[in-house]
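Report on the structure given below.
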Amino acid sequence: MWALLHAALRAWVIQCWWRQVLARLVEKKWQAALDCHTREQRAAVKLQSWFRMWRLQKRYWHFLNSVRIIQVYWRWRNCHTRGVLKGNYELTAHQLGLQLDIFLGSQICRITDCIPFPIKN
């Protein structure tokens, strides 16, 4: 009877050990599957973010190009319809010296004048 009890106890110890080994194997498989899934999810998120960034950059460059075209058009229009005014002045104690350049398309009008100040005694 003792022999049967020892045999049953040994069988029970081996079964417990085998269940632990199987549990560790199952845990390792679950961990490997979880790691694989996590890597796939991170790769998918990174790929999506790169695609969104590329799409936004494409839209940004498109809008920037549109803005440049509009600015060039308006600068050309303002230059040809209103003209551009450039000038400088020199202020002394007794007079104001002006030199103005007005650009209307391909025409240039230059005005130079000295304006004396009224002197009060």
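Every number here is computed from the coordinates shown, using simple stated rules; none is lab data. Worth saying up front: this structure is predicted, and the values here are computed from it rather than measured. Glycine gets a Cβ as well: all are built from the backbone with ideal geometry, and neighbour counts include every protein chain shown.
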### Message
If I model a spin label at Tyr73 and Asp35 as a point 7 Å from the Cα along the Cα→Cβ vector, what separation in nanometres do I get?
### Response
5.9 nm
## Note on the structure
Final fewest-first order of Asp101, Asp35 on the 10 Å Cβ neighbour count is Asp35, Asp101
### Task
When you have a sec, figure out the Kirkwood radius of the chain from all distinct Cα pair distances and drop it here in Å to one decimal?
24.3 Å
### Query
How far is helix 2-81 tilted off the main Cα axis of the chain, in degrees rounded to 10, range 0 to 90?
10 degrees
### Task
Work through the residues other than Trp17 whose Cβ is under 15 Å from its Cβ and net out their charges, Lys, Arg +1 and Asp, Glu -1.
+3
### Message
If I model a spin label at Thr112 and Met53 as a point 7 Å from the Cα along the Cα→Cβ vector, what separation in nanometres do I get?
### Response
5.9 nm
### Query
Among Trp61, Trp30, Trp18, which one moves the most in a GNM of the chain with springs linking Cα atoms closer than 10 Å?
Trp18
### Message
Checking the cross-link filter: which aspartates and glutamates have an alpha carbon closer than 20 Å to that of Lys46, excluding same-chain neighbours under 8 positions apart?
### Response
Asp35
### Query
Between Glu90 and Ala11, what length comes free when the chain is fully extended (0.36 nm per residue of separation minus the Cα-Cα distance, one decimal in nm)?
17.3 nm
